[in-house]
Every structure is written in structure tokens, then in C-alpha cells.
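What follows is one structure encoded as C-alpha cells, with my remarks underneath.
What follows draws every value from the coordinates through simple rules; no lab data is involved. Predicted model, so just to flag it, every value in this text is computed and none were measured. Don't worry about glycine lacking a Cβ; one is built from the backbone with ideal geometry, like all the others, and counts go over all protein chains shown.
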Amino acid sequence: MILRAKDAFEGGQAPDSKSESKVLRDAMKKILPDYDAERVYDSDIRKLLTWYNILQAQDMLDFAEPAADAEPAANAEPATDAEPAADAEAGE
């Protein structure tokens, strides 16, 4: 939803979350034209716009996935030095 909002507002600020209901609903229609207006409350739209505006203000709307070769070393096999040492001590 945040990425759809980014596209809808062209990376700029969304309407203030304290705006009138009509402004909120117009913004939501811009983000997701076929949303179910009966099941989405103004408070839901306010939360979405609030979070979007927070992320936009901090320039944190780029959710690009990291490259596969840039994965952290945590996925590498753990060092096996500690395990055999523990087994060797138990066998003595």
C-alpha cells in the first residue's frame, strides 16, 4: 500500500491525516481506486497516510530488495571449531 501511495502522490506528501473525511477518501481512491469504502474507515486511511508521510519525510520510501550477492554473512555456515571441542571434552 505504501508503494501504491508513493506512486499516487508521485513521491510527494500525502494529504494531512487530520483532513476532512472527503479529502481522506479522495486520497484513498487515488491510491486504490477500487477499495471497499464501506469496510475501510476514516481511521484506517488516517493511519495509512500518517505512516506514508512519516516515511516520505525521512526519505524512506525506497523498498528495493538488496541484491542476492549482498546478503549478510549470517547465512554462511557457522564455524565448527566450538562443536568438536565440546564433543572431545565430553569423550575424555
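Put simply, the convex hull of the Cα atoms in the range 1-64 casts, on average, a shadow of 4.0 nm².
Each peptide in 26-32, 9-15 receives the mean, over its residues, of other Cβ atoms within 10 Å, and ordering these scores from highest gives 26-32, 9-15.
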